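These notes are about the structure you will find just below.
Just so you know, all these numbers are worked out from the coordinates, no wet-lab data involved. These figures come from a predicted structure and were not determined experimentally. Here the Cβ positions follow ideal geometry from the backbone for every residue, glycine too, while neighbour counts run over all protein chains shown.
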Amino acid sequence: MTVICLMMPDWDPAPWQARLLAARPDFEVRIWPEAGNAAEIDFALVWKPERGALAGLENLKVIFSLGAGVDHIFTAGDPPDVPIVRIVDPDLTARMSEWVVMHALMILRDTRKYARLQREKVWSTDEDPAAREVRVGVMGTGVLGADAAKKLAVMGFDVACWGRTEKDLGTIPVFHGRDGLTPFLARTDILVSLLPHTAETENILDADLFGKLARDGVLGGPWLVNAGRGALQDEDAMLDALDSGTLEGAVLDVFRTEPLPPESRFWTHPKVTLTPHNSAISDPRALVDYVVRQIDRFERGLPLENVVDAQRGY
Ligand code: NDP
Ligand code: OXD
């Protein structure tokens with residue numbers, strides 16, 4: 001008997017449980033906190049587990065993050081010393097790139113202005129810029145950053161990326177490391193953040209960074225698009241930058257506190273578009289197959305895929 005524990009306090013576990021059992025009727029699927037004898041649990045499938053919840057699973061073999069990010073596991077306390085496998089799946093990747101490309105196009109085509117003109121019943125047009133004139137900088141050259149960058153380039157944007165280490169993304173220039181950050185920002189009109197939250201990336205989106213973005217672009221000022229994590233952003237600095245015009249606008253899917261509290265200024269700021277951390281949802285219809293495949297591999301003695309480097313934190 002293989003015992004699975006679903007730890008997803010914010011999500012409905014029912015579709016995950018049903019799909020797991022359909023794929024592997026031999027699984028016993030328990031739902032936290034009704035987990036029975038914790039020593040019997042082999043695999044934990046988690047999204048934002050409660051603090052300390054993983055620590056008691058003494059015979060755990062693998063932790064599966066039900067998202068691409070794993071910061072939610074580390075911030076819930078020291079997890080047991082077992083492999084952590086994260087989601088890398090075309091369904092999730094495609095969703096994120098759709099969201100990034102959609103918002104880059106909405107910025108390019110100034111949909112905010114045309115919505116206002118429609119409300120005012122004004123028939124008026126400007127000389128809107130072409131995608132090739134807009135420099136998009138993607139922070140993160142991993143699974144999501146690379147895919148979004150390639151799809152932005154297909155739309156005609158002038159794309160570059162920035163990551164921790166050197167990478168080859170074909171015709172897309174890749175900057176890396178702290179030394180590469182300033183020149184990368186200096187050629188960026190739309191900054192897309194697809195970084196993980198680690199000790200190194202905490203608050204990376206701060207006043208200093210906003211001040212280094214290009215000011216000579218065709219959009220009238222630089223934009224920030226963040227779908228990485230809220231902890232990447234210094235939110236007071238971001239609001240100051242929006243108020244002062246250092247940032248022309250921001251599109252935010254993630255926040256330091258989620259759900260975003262009703263009193264947050266982001267809800268009503270005229271330069272902010274926000275979405276409720278749904279740029280790339282984890283859909284059990286796609287992702288259960290991935291997890292089951294990894295468990296099958298583990299049981300057959302094959303290496304797990306997409307194992308997180310716990311030292312690096314992603
Ligand atoms: P990957 O691990 O594939 O990529 C992470 C990228 O970040 C790599 O290019 C890595 O560089 C870079 N990176 C990490 N640390 C640093 C640093 N200190 N300086 C510069 N670059 C750094 O992750 P994914 O692309 O799959 O996912 C990225 C993140 O997106 C997730 O961790 C999660 O936080 C977020 N996400 C958000 C979702 C949402 O709905 N809003 C949905 C899914 C993911 P290198 O390769 O050189 O090490
Ligand atoms: C993820 C997320 O990390 O949805 O996959 O945030």
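Altogether, the Stokes-Einstein calculation at 37 °C and 0.692 mPa s, with the Kirkwood radius of the range 172-270 over Cα pairs as Rh, returns a diffusion coefficient of 237 µm²/s. Once the Cα atoms are used to define both axes, helix 284-299 deviates from the longest principal axis of the chain by about 50 degrees.
Distances between placed amide hydrogens fall under 5 Å for ASP189 paired with ARG135, VAL136, GLY137, all partners being 5 or more residues away or on another chain. Assuming charge only on the beta carbon of Lys and Arg (+1) and of Asp and Glu (-1), the dipole of the range 45-102 about its Cα centre is about 60 debye to the nearest 20.
Entry note, the chain: the mean residue ellipticity at 222 nm calculated from DSSP H runs of n ≥ 4, each adding -39500 (n - 2.57), is -9000 deg cm²/dmol after division by the residues and rounding to the nearest 500. When only the Cβ of Lys, Arg, Asp and Glu is charged (+1, +1, -1, -1), the dipole of the chain relative to its Cα centre reaches about 700 debye.
Given their separation in residues at 0.36 nm each and the Cα-Cα distance between them, ASP283 and GLU40 gain 84.8 nm when the chain is fully extended. For GLY163, the residues whose amide H sits under 5 Å from its own are GLY140, PHE175, HIS176, GLY177, ignoring neighbours fewer than 5 places away on the same chain, with H placed 1.01 Å from N.
If R0 is 45 Å, the Cβ-Cβ spacing of GLU120 and ASP296 corresponds to a FRET efficiency of close to 0.15.
Taking packing as the residue-averaged number of other Cβ atoms within 10 angstrom, the listed peptides 175-185, 157-167, 88-98 run from highest to lowest as 157-167, 88-98, 175-185. Relative contact order for the range 194-291: 26 percent, from Cα pairs under 8 Å spaced at least 6 residues apart, divided by residue count. In plain terms, the C-alpha convex hull of the chain casts an average shadow of 17.8 nm² when viewed from every direction. Compute the long axis of helix 14-23 from its Cα atoms, compare it with the longest principal axis of the Cα atoms of the chain, and write down the angle in degrees, 0 to 90, nearest 10. Roughly 60 degrees between the two axes. To test your reading of the geometry: what angle, between 0 and 90 degrees and rounded to tens, separates the Cα axis of helix 235-244 from the longest principal axis of the chain? The angle comes out near 10 degrees. Summing Cβ point charges (Lys, Arg +1; Asp, Glu -1) relative to the Cα centre of the range 237-314 gives a dipole of roughly 140 debye. The range 82-96 and the range 235-285 have Cα centres lying 23 Å from one another. Projecting the Cα atoms of HIS277, GLY221, VAL254 onto the dipole axis of the range 211-296, where Lys and Arg carry +1 and Asp and Glu carry -1 at the beta carbon, places GLY221 farthest toward the positive end.
The simple spin-label model puts a point 7 Å past each Cα toward its Cβ; for LEU304 and ASP91 those points are separated by 2.0 nm. Taking a straight Cα-Cα cut-off under 20 Å and skipping sequence neighbours fewer than 8 places away in the same chain, the lysines within cross-link reach of LYS271 are LYS113, LYS212. Each Lys or Arg adds one and each Asp or Glu takes one away; over the other residues whose Cβ falls under 14 Å from the Cβ of THR93, this sums to -1.
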